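**Student:** I'd like to ask some things about the structure below.
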């Protein structure tokens, strides 16, 4: 999603947040061996990003891989507590967005702190479970064209993520001022890495 200020601001913000996200991924995935991201410039997009909206590949200690799609939002969006999924990159040309192509193990969605030195919250969604909830009409969504900041259109999910429905699709959750929780075999830890 293009925040106010266009592509340059979005890219700069994303790059600021990547090292913070990487530290969290290493905790979530037991010190994964490597984290590889694909260049997201349109003319150089990797086939995994272009065709399946996979922009990050983690290599685990046992050499298996986990694929991610990442979306980091500025702090101003945190209180709105919405989750967006790009429908069309360009509604006029019907260029399909991640809604049509998303084929990744997990979808990572996070909101930065105001100073961009941490995440208020970072959520690791189980992509297939999220798709099935939507398919079965369990998620409330609406389609909105984003005429203000980009030409893309988005499905917007407005349910709060702490409802029981969302517990089924959240694999891991990082909260900056959280505490250690265990729910249904899911390990959630605080920002100190506990």
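The values are calculated or read from the model by the stated rules, or taken from the named source; none is laboratory data. In this text the structure is predicted, and so the values were computed from the model without any measurement. Cβ coordinates were reconstructed from backbone atoms using ideal geometry, including for glycine residues, and neighbour counts include every protein chain displayed.
**Student:** With modelled with pLDDT of 85 or more, under 25 Å from residue 135 (Cβ atoms) and surrounded by fewer than 19 Cβ atoms within 10 Å (Cβ to Cβ) as the only criterion, which of 104, 67, 113, 93 stands out?
**Tutor:** Values: 104 fails: surrounded by fewer than 19 Cβ atoms within 10 Å (Cβ to Cβ); 113 fails: under 25 Å from residue 135 (Cβ atoms); 93 fails: under 25 Å from residue 135 (Cβ atoms).
Being modelled with pLDDT of 85 or more, under 25 Å from residue 135 (Cβ atoms) and surrounded by fewer than 19 Cβ atoms within 10 Å (Cβ to Cβ) holds for just one of 104, 67, 113, 93, which is 67.
**Student:** Take the residues in segment 43-74 that are part of a helix (DSSP H, G or I) and touching a residue at least 12 places away in the same chain (Cβ under 8 Å); name whichever of them is farthest from residue 31 (Cα to Cα).
**Tutor:** Going through segment 43-74, the residues part of a helix (DSSP H, G or I) turn out to be 43-44, 47-52.
From what is left, the residues that are touching a residue at least 12 places away in the same chain (Cβ under 8 Å) are 48, 51-52.
Working: 48: 24, 51: 28, 52: 25 Å.
The qualifying residue farthest from residue 31 (Cα to Cα) is 51.
**Student:** Still on this structure, I have one more. So is residue 14 at pLDDT below 90, part of a helix (DSSP H, G or I) and surrounded by 13 or more Cβ atoms within 10 Å (Cβ to Cβ) or not? Break it down into steps so the answer makes sense when it comes.
**Tutor:** Details: at pLDDT below 90: no; part of a helix (DSSP H, G or I): yes; surrounded by 13 or more Cβ atoms within 10 Å (Cβ to Cβ): yes.
Judged against the criteria, residue 14 is not a match.
**Student:** Go through segment 23-55 and count every residue that is over 21 Å from residue 85 (Cα atoms), surrounded by 15 or more Cβ atoms within 10 Å (Cβ to Cβ) and in contact with a strand residue (DSSP E or B) (Cβ under 7 Å, 6 or more places away or on another chain).
**Tutor:** Matching residues across segment 23-55 total 7.
**Student:** Here is a further query. Residues in segment 75-105 that are under 24 Å from residue 118 (Cα atoms) and free of Cβ contacts under 8 Å to residues at least 12 places away in the same chain: how many?
**Tutor:** Summing the residues that are under 24 Å from residue 118 (Cα atoms) and free of Cβ contacts under 8 Å to residues at least 12 places away in the same chain in segment 75-105 gives 3.
**Student:** Examine segment 75-92 for a residue that is assigned to a strand (DSSP E or B), within 30 Å of residue 31 (Cβ to Cβ) and out of contact with any helix residue (DSSP H, G or I) (no Cβ under 6 Å at 6 or more places or on another chain), and state whether such a residue exists.
**Tutor:** Within segment 75-92 (the criterion being assigned to a strand (DSSP E or B), within 30 Å of residue 31 (Cβ to Cβ) and out of contact with any helix residue (DSSP H, G or I) (no Cβ under 6 Å at 6 or more places or on another chain)), the answer is yes, since at least one residue qualifies.
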